[in-house]
Amino acid sequence: MSADTIYALSSGNPPAAIAVIRISGPSADAALRQIAGSLPHPRLASLRAIRHPETGELLDRGLVLRFPGPASATGEDLVELHLHGGRSVVAAVLAALHSLVGLRPAHPGEFTRRAFENGRIDLAEADGLADLLFAETQSQRRAALALAGGVFSRRVESWQSELLALAAAMEAVLDFSDEGEVADEFPSQLTERVGSLAEQIERALRYPSVERLRDGIRVVIAGPPNAGKSSLLNRLLGRRAAITSPVAGTTRDMIEAPVSIVGVPFLLIDTAGLRATDDLVEAEGVERTRDSLSAADLVLWLGDRADLPKSERAILIASKVDLCGTGARPQADLHVSSETGEGIDELIKLLLERAAGMLSNDGEVAINDRHRAALFECARHLRNAWSSRDALLISELLRSARVALDQITGRAGVEDMLDQLFGRFCIGK
Ligand code: GDP
């Protein structure tokens, strides 16, 4: 528990209809008593006059709430003041709090940090809360809410407890081997369990990525010059983001445009046309196009089927259907016209269908790079443990796998380990 009591404006910048100031720490109740008189019942909103503790000047009238620890958001005594959201009201109340002994302004994220330190949330849930604050699209919000609500944490906990059970069983094997009584069947059963856990974690590595949700699914529009790439980008965006012109090779650099289509984030990337060129600037553009093709989640290919980038991520588009008709390129996945809008709805539908497989569904987990790196480490140790026959080495690898998982939640499972280990002993031993 922290000795400091912290306070901050927790709502948005004033002026606003309402401002919420939070106070957390051992002196939260004392502070409330000094500025609002008597303490209200826990978790019950009460109207109070808020006064300066020294001068007694009335600063505002508002609702106050107290949440006694440890059953509060931060795990400490927590107070909320719901005030009128004017600049001078907020400034006066913050100044009044500043004059109280033992209180100081909170650092960024400090309320959440205390929630973590007091065991109210784990690191993965804190990641989810941060994502939720910055969520701009509905799919980001859903994934962030699932993470903040502990959907992923519960899954990690179940892997942690299986790892602990395996480690405990392994310790038992090692104890027996000291006495020269190595049980042959037991380790093979264990190996199977290690393998199945490795499989589960490898599957989790394929969870959708938070970064993709945040930055959007990368859709690269590519093809030869003048195929209509910039026009297609503009059509999809509904505004003129890229310059289109009838002169080949206009888009010499890439244009990246984030767009949310029915709540799904996309990053549309218009590229330089792929063709052999002597122009240095254009050549650089062509080079970048090749790089962006390799990093694309989806490619809208406006060229010939013969030149189609070999990838299941590519969609073959026949552009300018208003000029050429559908007969000209019957093999295309879609025929579109950026001029008339023909085929654009179908293209959007196809983009959304492909995106659905890459993003998380309602309430499903998406993980960030930190989680992914930890899962990767864990799976690697488990695979090594799975293929090893050396009990000591396996034991050590299981420990490393557990350390990797602990990084996700920020909870070292030492206590759990002891409980698990000692729980297997008899009473009186
Ligand atoms: P890019 O070089 O592949 O980006 O091609 P642009 O989008 O700049 O288009 C090249 C030319 O084709 C421009 O003059 C566009 O107006 C024209 N264009 C693009 N799409 C269409 C279309 O669907 N129909 C018609 N009629 N013209 C188009």
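Laid out as a table, the results:
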quantity: Condition met for Pro14 (open to solvent by 70 Å² or more (accessible area, probe 1.4 Å) and in contact (Cβ under 8 Å) with a residue 40 or more places away in the chain); calculated: no
quantity: Residue selected from region 301-328 under the condition out of contact with any Ser or Thr (no Cβ under 9 Å at 6 or more places or on another chain) and of a type in the set (D, E, K, R), by the criterion surrounded by the most Cβ atoms within 10 Å (Cβ to Cβ); calculated: Arg313
quantity: Residue under evaluation Gly357, criteria (1) open to solvent by 30 Å² or more (accessible area, probe 1.4 Å); (2) closer than 19 Å to Leu237 by Cα, criterion not met; calculated: (2)
quantity: Residue match in region 226-240 (condition: within 16 Å of the ligand (Cβ to nearest atom), basic (Lys, Arg) and at pLDDT 85 or above); calculated: yes
quantity: Residue ranges of strands (runs of 3 or more DSSP E) in region 11-129 with at least 1 members under 30 Å from Gly410 (Cα atoms); calculated: 18-24, 58-67, 78-84, 103-105
quantity: Members of region 326-353 found to be small (Gly, Ala, Ser) and within 20 Å of Ser230 (Cα to Cα), listed by number; calculated: Ala332, Ser337, Ser338, Gly341, Gly343
quantity: Of all residues in region 318-365 being over 20 Å from Val219 (Cβ atoms) and β-branched (Val, Ile, Thr), the one that is modelled with the lowest pLDDT; calculated: Thr326
quantity: Hits in region 300-352 - residues which are out of contact with any helix residue (DSSP H, G or I) (no Cβ under 9 Å at 6 or more places or on another chain), among the acidic types (Asp, Glu) and within 16 Å of the ligand (Cβ to nearest atom); calculated: Asp304, Asp307, Asp322, Asp345, Glu346
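The values are calculated or read from the model by the stated rules, or taken from the named source; none is laboratory data. Since we're looking at a predicted model, the values are computed, not measured. Methodologically, a virtual Cβ is constructed for each residue, glycine included, from the backbone with ideal geometry; neighbour enumeration extends over all protein chains shown. Side chains are part of the model used for accessible areas, which takes the heavy atoms of the whole protein and leaves out ligands, DNA and RNA. Shrake-Rupley method; radii C 1.70, N 1.55, O 1.52, S 1.80 Å.
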